[in-house]
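**Q** Let me begin by handing over the structure; questions about it come next.
The values are calculated or read from the model by the stated rules, or taken from the named source; none is laboratory data. All values derive from a computational prediction rather than experimental measurement. Cβ placement follows ideal geometry from the backbone for every residue including glycine, while neighbour counts extend to all protein chains displayed.
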């Protein structure tokens, strides 16, 4: 696993969590992985960004969202003055599904204990769910992503925003303004909650 910028101040609790991830053999994905892909960004962030699972680049580097989708996401985050201190990026599953297929239900279920532990450690207030698979496994919702994107879900004092996955935007650039709007709404929510200063252009 590659080392994140925030890894030099890892607490014993975080180290124990990392060790649990690295040792996990709860589903078949562990058999073919190169790396367990745990997070990038801050381990103490108000915003958690959740994708579906690692792709080839992520599996190779041990970090989530480092391919073309990650480049697009990083560009959007920077445009709203969000830095690595503001967000924690992870996935529904921590090992790459073969051929970049979607994670299966039993794989997401097996990885849920690790994601739950991760949320408890990071303590975010706002979640950005990237794509239909992340929305489905995070909320148990069955609606299509186009029906739920851009609409806040409030649960257990969390604010949850589903949106399109950047990979989808790369295939259909016409949806980029909607992704832009959703991330803007997340940025505004962080300000509203007192977790981030207002945008300089506001």
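**Q** Tell me which of these residue 59 doesn't satisfy, since it passes every other one: (1) buried (at least 16 other Cβ atoms within 10 Å of the Cβ); (2) touching a residue at least 40 places away in the same chain (Cβ under 8 Å).
**A** (2)
**Q** To continue, here is another question. Scan the range 167-190 for residues that are surrounded by 14 or more Cβ atoms within 10 Å (Cβ to Cβ) and free of Cβ contacts under 8 Å to residues at least 24 places away in the same chain and jot them down. Quick ask: steps written out before the conclusion?
**A** Of the residues in the range 167-190, the ones surrounded by 14 or more Cβ atoms within 10 Å (Cβ to Cβ) are 167-170, 175-176, 178-180, 182-190.
Of everything in the range 167-190, those that are surrounded by 14 or more Cβ atoms within 10 Å (Cβ to Cβ) and free of Cβ contacts under 8 Å to residues at least 24 places away in the same chain turn out to be 175, 176, 188.
**Q** Still on this model: Being surrounded by fewer than 23 Cβ atoms within 10 Å (Cβ to Cβ), under 15 Å from the mean Cα position of the chain (by Cα), in contact (Cβ under 8 Å) with a residue 24 or more places away in the chain and not in a helix (DSSP H, G or I) is the filter here, so list the residues in the range 62-81 that pass it.
**A** Residues satisfying the conditions are 62, 63, 66.
**Q** Would you check which residues across the range 1-22 are more than 15 Å from residue 94 (Cα to Cα) and either modelled with pLDDT of 95 or more or not in a helix (DSSP H, G or I) (or both) and list them?
**A** Within the range 1-22, the subset more than 15 Å from residue 94 (Cα to Cα) is 3-16.
Across the range 1-22, the qualifying residues are 3, 4, 10, 11, 12, 13, 14, 15, 16.
**Q** Name the residue, out of 93, 50, that is assigned to a loop (DSSP other than H, G, I, E, B), under 20 Å from residue 130 (Cβ atoms) and either in contact with a helix residue (DSSP H, G or I) (Cβ under 6 Å, 6 or more places away or on another chain) or at pLDDT 95 or above (or both). Quick ask: steps written out before the conclusion?
**A** Numbers: 50 fails: assigned to a loop (DSSP other than H, G, I, E, B).
Going through 93, 50 in turn, just one is assigned to a loop (DSSP other than H, G, I, E, B), under 20 Å from residue 130 (Cβ atoms) and either in contact with a helix residue (DSSP H, G or I) (Cβ under 6 Å, 6 or more places away or on another chain) or at pLDDT 95 or above (or both): 93.
**Q** Can you say whether residue 25 is modelled with pLDDT of 95 or more, in a helix (DSSP H, G or I) and touching a helix residue (DSSP H, G or I) at 6+ places or on another chain (Cβ under 9 Å), as far as the supplied structure shows?
**A** For residue 25, the condition - modelled with pLDDT of 95 or more, in a helix (DSSP H, G or I) and touching a helix residue (DSSP H, G or I) at 6+ places or on another chain (Cβ under 9 Å) - is not met.
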